[in-house]
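Beneath this line is the structure, given in structure tokens, with notes to follow.
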Amino acid sequence: MKEENKNGQSPEKEQLLSSLRNAEEMYVFMSLCTKMPYVLCDEETFDDEVLLYYTEEDAQREGKKQIEQRIPIQIAKIEKKQLLGFFSSLYPMGVNGLLINKNMESEARLQLGELVIRPNTGDLPDGKVWVENPQLHLTALYFMQEMRRQEKPELTEELKGLQEEILVNYGRGRFIVAVHKENGMPMLKQKNGDAYQPVFTDILEFRKFNKEDQFKTMAIEAKNVPKMLVNEAKGVVINPYGVNLQIPIVRPEEPQEKK
């Protein structure tokens, strides 16, 4: 029978937690398809995990195997002062697990909640709402990781299922939109000239867009998004500096005045 400490954790688990909390640096697999941490679903537990390594050498060696399997990733270094912020940022992505040193003798798994506490979003000032769409964000990550790694993108049955799940979660969502005090809501033009209005699943994604602090935020329910679209917009683009997922939406026609 394994020994447990006063918190009900085994010595091995306590040592793992300590090593993560005291690490001087960590290395994470980043997906080139989403510009976000690469996410993997565990086949047995169905945990949604990110892959972490203690050393750059180990990360590079295992990352090469991913690239050989045509999974486009790069290695990102997370310094000690960035670790808490990084782990906390996984919650709005829908990630619930950490896979450390995959394919090594020291391979270990950990629930995200065992390492960092999820922020309390219930005690907000009057008039403020917390916007987060982890299930939508997670499904979009899986969808784009698979779709964009294909030389000739094709909607497989699996991708069709993810696409349907994305649309369902989108329809249930509440999002952040950017508003400029003089120019209103921004639009992002694609290479073909089509324009989409950006919406964000959470405040972290909005901050990537608002690095120069030019925009204010407004929360909007998915059902009200079509009403905010300008005439030339083809729809919305979710997290343009991250997963960059376009959803075509048609603006409702203005009712004609009766003569």
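What follows is calculated from the coordinates using simple rules that are stated; it is not laboratory data. Bear in mind that the values here come from a model prediction, so they are computed numbers and not experimental data. All Cβ positions, glycine included, derive from the backbone under ideal geometry; neighbour counts span all protein chains shown.
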(request) For segment 1-112, list log₁₀ I(q)/I(0) at each q in 0.17 Å⁻¹, using the Debye formula over Cα point scatterers of equal strength and ignoring solvent, two decimals each. (result) -0.85
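Could you compute the longest span of the chain free of GluC sites (Glu not before Pro) located in DSSP loops and having at most 13 other Cβ atoms within 10 Å, not counting the site residues? Write out the running numbers ahead of the final one.
Values: sites that count: E3, E4, E24, E43, E44, E105, E107, E151, E154, E182, E212, E232, E253, E257.
Counting at most 13 other Cβ atoms within 10 Å as exposed, the longest clean stretch of the chain is 45-104.
With the radius of gyration and the Kirkwood radius both derived from the Cα set of the chain, what is their ratio Rg to Rh? Display every interim value, and only then the final one.
Values: Rg = 20.7 Å, Rh = 20.4 Å.
Rg/Rh: 1.02.
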(message) As a quick test, which of the pairs K102/K191; K189/K216; K80/K152 have an alpha carbon distance above 29 angstrom in this structure?
(response) K102/K191; K80/K152
(request) Would you mind computing, in nm to one decimal, how far apart the modelled labels at V250 and A219 are, each placed 7 Å from Cα along Cα→Cβ? (result) 3.1
(message) If you fit an axis through the alpha-carbon atoms of helix 134-147 and take the longest principal axis of the Cα set of the chain, what angle between them do you get, 0 to 90°, nearest 10?
(response) 90
(request) Apply the Karplus parameterisation 6.51 cos²θ - 1.76 cosθ + 1.60, with θ equal to phi minus 60°, to every residue of segment 37-51 and state each ³J(HN,Hα) to the nearest whole Hz, in sequence, with x for glycine and proline. (result) x, 5, 10, 10, 9, 5, 5, 9, 8, 6, 5, 9, 10, 10, 9
(request) Compute the separation of the alpha-carbon centres of segment 178-218 and segment 44-73 and state it in Å as a whole number. (result) 32
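At most 16 other Cβ atoms within 10 Å and a DSSP loop assignment: could you name the trypsin sites (Lys or Arg not before Pro) in segment 156-217 that fit? Walk me through the intermediate numbers first.
Working: sites: K160, R172, R174, K181, K189, K191, R207, K208, K211, K216; in loops: R172, K181, K191, K211.
Of the trypsin sites (Lys or Arg not before Pro), the ones in loops of segment 156-217 whose Cβ has at most 16 other Cβ atoms within 10 Å are R172, K181, K191, K211.
Please give the length that would be gained between T55 and N120 if that part of the chain were fully extended, namely 0.36 nm times their separation in residues minus their C-alpha to C-alpha distance (nm, one decimal). Write out the running numbers ahead of the final one.
Details: separation 65, 0.36 × 65 = 23.40 nm, distance 3.25 nm.
Residue separation times 0.36 nm, minus the Cα-Cα distance, leaves 20.1 nm.
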(request) Return the long-range amide H neighbours of L245 (sequence gap of 5 or more, or a different chain), with a cut-off of under 5 Å between placed amide H atoms. (result) I238
(request) Report the label-to-label distance for V168 and R21 in nanometres (one decimal), using points 7 Å from each Cα along the Cα→Cβ vector. (result) 3.9
(request) Work out from phi, with θ = phi - 60° and the Karplus expression 6.51 cos²θ - 1.76 cosθ + 1.60, the ³J(HN,Hα) of each residue of segment 66-79, listed in order in whole Hz, and give x for Gly and Pro. (result) 5, 5, 4, 8, 6, 10, x, 9, 9, 9, 10, 8, 10, 7
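Using Cα-Cα distances under 8 Å and only pairs 6 or more residues apart, what relative contact order does the chain have, in percent? Don't skip to the end; give the middle numbers.
Details: 405 pairs, mean separation 38.4, N = 259.
Here the relative contact order equals 15 percent.
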(message) Using the Karplus curve 6.51 cos²θ - 1.76 cosθ + 1.60 with θ = phi - 60°, what ³J(HN,Hα) values do you get for each residue of segment 222-232, in whole Hz, with x for Gly and Pro?
(response) 4, 5, 9, 4, x, 5, 8, 5, 6, 4, 7
(request) For helix 11-21, report the angle its Cα long axis makes with the longest principal axis of the Cα atoms of the chain; keep it between 0 and 90° and round to the nearest 10°. (result) 50
(request) Mind listing the long-range amide H neighbours of M36? Cut-off is under 5 Å, sequence gap 5 or more, other chains count too, H placed in the peptide plane at 1.01 Å from N. (result) S31
(message) What do you get for the angle between helix 80-89 and the principal long axis of the chain? Use alpha-carbon atoms, 0 to 90 degrees, nearest ten.
(response) 50
(message) Checking the cross-link filter: which aspartates and glutamates have an alpha carbon closer than 14 Å to that of K77, excluding same-chain neighbours under 8 positions apart?
(response) E24, E25, E56, E57, D58
(message) With every atom except the alpha carbons ignored, what do you get for Rg and Dmax of segment 114-227, in angstroms?
(response) 16.4, 49
